[in-house]
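Take a look at the structure below.
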Amino acid sequence: MLCIGHRGAMGYEPENTLLSIAKALTLKVDWIEIDVYNVENNLIVFHDRDLSRTTNGTGNICDRSFDYLRTLDAGQGQQIPTLIEVCDLVNRRCGINIELKGIDTAGLVVKLIQEYIEQGWQYQDFLVSSFNHYELKKVKDACPQIVIGIIIYGLPLNYLEIAAELQAVAVIMSCDFVTKEIVANIQNREFKAFVYTVNKPEDINNMKLLNVDGIFCNYPDRCFG
Ligand code: G3P
Ligand code: CA
């Protein structure tokens, strides 16, 4: 079962910061997961729309300038990182799951991935995911080689059809809805079953018993316990 460090290793360090990514790397994650927004044509790594929970700033991230965001403290003196900074830090030591949070992120992410491919990275070094399947379609239409996963809320009736239509490799679902049968249904269609967010040791064990392919975890070391 793959261990995907959620927002880096957010159980240990401020989420979606370089410190959190570095911690996840020391814990030997297979992948890290981070969230991105487009702010003035820069891809910045951040989870919430509102700045106040995780920084000393206020307001909606998309109403703020890139320069303002870079002055903020995202925890322990960390700057809100750019996606480029995250990729450079990771430097192919694990996979990077880029979750498209904001609108108009698809085009910038495709461009960024292609730039890293030109530097010698592989498409398999990235997994692009989103709850916004329209944004994922834009990614796939622009560059079919990019590997994508659909994230689903709850358990829609047609999630397997959506995954097939988008040529996704993975269905990413909440641990609240996962069962052995659902995992089998996903895997029988040749998709990977990834589950978020699984933190308790007993739940992690249960995911292994259910044969899921990977979990998102705030405490990545627990995946290997
Ligand atoms: O991709 C899995 C998970 O990260 C989705 O939920 O809210 O943590 O971005 P959230
Ligand atoms: Ca996420």
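Every number here is computed from the coordinates shown, using simple stated rules; none is lab data. Being a predicted model, the structure only gives us computed values, none of them experimental. Quick reminder, even Gly has a Cβ in these numbers, built from the backbone with ideal geometry, and neighbours come from all protein chains shown.
Here is how the numbers come out for the structure above:
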item: Cα→Cβ-extended label distance, 7 Å offset, between Glu40 and Asn188, nm; result: 5.2 nm
item: Lysine-lysine proximity count for region 18-139, Cα under 30 Å, sequence distance 8 or more or distinct chains; result: 9
item: From phi via Karplus (6.51, -1.76, 1.60), per-residue ³J(HN,Hα) for region 160-165 in Hz, x at Gly/Pro; result: 5, 5, 5, 4, 5, 4
item: Label-point separation, Cys62 to Arg49 (7 Å along Cα→Cβ), nm; result: 0.7 nm
item: The chain - mean residue ellipticity at 222 nm from DSSP helices (-39,500 (n - 2.57) per run, n ≥ 4, rounded to 500); result: -9000 deg cm²/dmol
item: Efficiency of FRET between Glu202 and Lys28 - r from beta-carbon atoms, R0 25 angstrom, step 0.05; result: 0.70
item: Cα-based Rg of region 144-225 normalised by 2.2 N^0.38 Å, two decimals; result: 1.07
item: Residues Val178, Val169 arranged by fewest to most Cβ contacts within 10 Å; result: Val169, Val178
item: Cubic angstrom per residue, convex hull over Cα atoms of the chain; result: 114 Å³
item: 5 angstrom amide H check on Gly95, placed H, neighbours 5+ away; result: Trp31, Ile32
item: Across the chain: Cys residues that no other cysteine approaches within a C-beta distance under 4.7 Å; result: Cys62, Cys87, Cys94, Cys143, Cys175, Cys217
item: Approximate spin-label separation Phe131-Gln79, in nm, with each point projected 7 Å along Cα-to-Cβ; result: 2.9 nm
item: Residue among Ile204, Asn91, Met10 farthest towards the positive dipole end of region 2-224, charges placed on Cβ; result: Ile204
item: Added length on full extension, which subtracts the Cα-Cα distance from 0.36 nm per residue, Asp176 to Ala164; result: 2.0 nm
